[in-house]
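A.B. asks: Please see the structure below; I have some questions.
The values are calculated or read from the model by the stated rules, or taken from the named source; none is laboratory data. Since the structure is predicted, the reported quantities are computational estimates derived from the model, not experimental observations. Counting neighbours? That spans all protein chains shown, and the Cβs are built from the backbone with ideal geometry, glycine included. Surface areas here come from the heavy atoms of the whole protein model, side chains and all, with no ligands, DNA or RNA. Shrake-Rupley method; radii C 1.70, N 1.55, O 1.52, S 1.80 Å.
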Amino acid sequence: MKKSYLVIGAGRFGASVARTLYGLGHDVMVVDNDETLVQQISADVTNAVIANATSETGLKALGVRDFDVVILAIGFDIQASIMAAILLIEMEARYIVAKAQTDLHGKVLSKIGVNRVVYPERDMGHKLAHSLISPTIIDLIEVSDQYSVVEVSAPADMVGKSLKDLDLRARFGISVIALRRNHGGRANIAPVAEDMIEAEDIIVAVGDNKNLKKLEWI
Ligand code: ADP
């Protein structure tokens with residue numbers, strides 16, 4: 001279903017989010033107080049306007065409440081980010097996602113009432129570090145402090161075995177939630193015990209970080 005998004009801040013992060021959402025067929029309005037950035041992005045989104053997100057009149061004119069989601073993508077200027085967040089909440093924005101630069105910045109945004117806080121630099125750094133340490137890891141999502149979802153290339157010693165043979169759930173408490181075949185590109189999103197691991201398969205699994213570490217998957 002087509003949704004409407006307001007992206008505040010057309011820096012590297014905001015511009016990337018805005019272009020991707022527009023590319024996926026959604027309505028995207030971008031706001032930045034830098035005229036050059038607004039011009040640069042205007043052809044790639046529904047609408048791009050120059051406005052100051054810390055000015056109440058500036059924000060009001062955008063009709064904040066009409067958007068399904070507001071993405072507050074100001075990171076560097078923490079004061080501007082916090083001021084804009086307060087105004088967005090006062091204007092009853094329906095759902096706010098904000099980028100935080102530091103833990104403290106994130107905490108303040110959450111306390112104010114931002115619905116979701118993201119830390120793109122920290123999360124990307126974390127993923128990169130894991131992928132450097134474990135060459136089989138393709139992606140990692142931390143579900144909580146304790147659990148993660150990992151996407152790994154099937155280790156050679158698992159090839160030719162079925163999920164039943166591997167018995168990952170009983171041995172490590174790890175559940176395989178999908179198998180992606182590199183040859184043929186098919187994805188099996190409901191793997192059963194009899195499914196075999198083939199060479200170059202991608203395994204998507206969820207489990208306890210300690211156990212995922214034991215398998216050298218994170
Ligand atoms: P990134 O690391 O993603 O590039 P930045 O924090 O450097 O993030 O960029 C944030 C963007 O937000 C910049 O383009 C900046 O011009 C814009 N910006 C900063 N303050 C305001 C404001 N008060 N109103 C509108 N846009 C702003």
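A.B. asks: First check a/c for the chain, with a ≥ b ≥ c the square roots of the eigenvalues of its C-alpha gyration tensor; if it is under 1.5, answer rounded, and if not, answer prolate when a/b is larger than b/c or oblate otherwise.
C.D. replies: It comes out prolate by the Cα gyration axes.
A.B. asks: Can you give me the distance in nm between label points at THR57 and GLU198, each placed 7 Å from the Cα along the Cα-to-Cβ direction?
C.D. replies: Going from the THR57 label point to the GLU198 one covers 6.5 nm.
A.B. asks: Another one. Let me check something: with ligands and nucleic acids excluded, how do SER81, SER175 order by accessible area (1.4 Å probe), largest to smallest?
C.D. replies: SER175, SER81
A.B. asks: Let me ask you something else. Between LYS213 and LYS3, what is the FRET efficiency for a Förster distance of 35 Å, r being their Cβ-Cβ separation, to the nearest 0.05?
C.D. replies: 0.40
A.B. asks: With a point put 7 Å past each Cα toward its Cβ, work out how far ASP66 is from TYR95 in nm, to one decimal.
C.D. replies: It works out to 2.0 nm between the two label points.
A.B. asks: Also, quick follow-up: Tell me, what is the 1.4 Å probe accessible area of GLU200, in Å² to the nearest 10?
C.D. replies: The value for GLU200 is about 110 Å².
A.B. asks: What residues have an amide H closer than 5 Å to that of ALA98, excluding those fewer than 5 places away on the same chain, when H is modeled at 1.01 Å from N in the peptide plane?
C.D. replies: Under 5 Å from the amide H of ALA98 lie the amide H atoms of LEU72, ARG116, VAL117, VAL118, each far enough along the sequence or on another chain.
A.B. asks: So how exposed is THR57, as accessible area in Å² (1.4 Å probe, rounded to 10)?
C.D. replies: Surface accessible to solvent at THR57 totals approximately 110 Å².
A.B. asks: Below 15 Å, Cα to Cα, which aspartates and glutamates can LYS213 reach? Residues fewer than 8 away in the same chain don't count.
C.D. replies: ASP139, GLU142, ASP145, GLU151
A.B. asks: Quick check: from the Cα gyration tensor, does segment 111-215 come out rounded (a/c under 1.5), prolate or oblate?
C.D. replies: The shape class here is prolate.
A.B. asks: Give the residue from ILE141, LEU163, TYR119 lying farthest towards the positive end of the charge dipole for segment 109-218; charges sit on Cβ (+1 for Lys and Arg, -1 for Asp and Glu) and the dipole is referred to the Cα centre.
C.D. replies: Most positive-ward Cα: TYR119.
A.B. asks: So, one more: Accessible area of segment 143-185 with a 1.4 Å probe: how many percent of it is carbon plus sulfur?
C.D. replies: 48 percent
A.B. asks: Could you sort out which of LYS127/LYS161; LYS60/LYS111; LYS2/LYS127; LYS99/LYS210 sit more than 26 Å apart by Cα distance in this structure?
C.D. replies: Among LYS127/LYS161; LYS60/LYS111; LYS2/LYS127; LYS99/LYS210, the Cα-Cα distance tops 26 Å for LYS127/LYS161; LYS2/LYS127; LYS99/LYS210.
A.B. asks: Rolling a 1.4 angstrom probe over the protein chains, ignoring ligands and nucleic acids, what is the accessible area of TYR147 in square angstrom, nearest 10?
C.D. replies: 100 Å²
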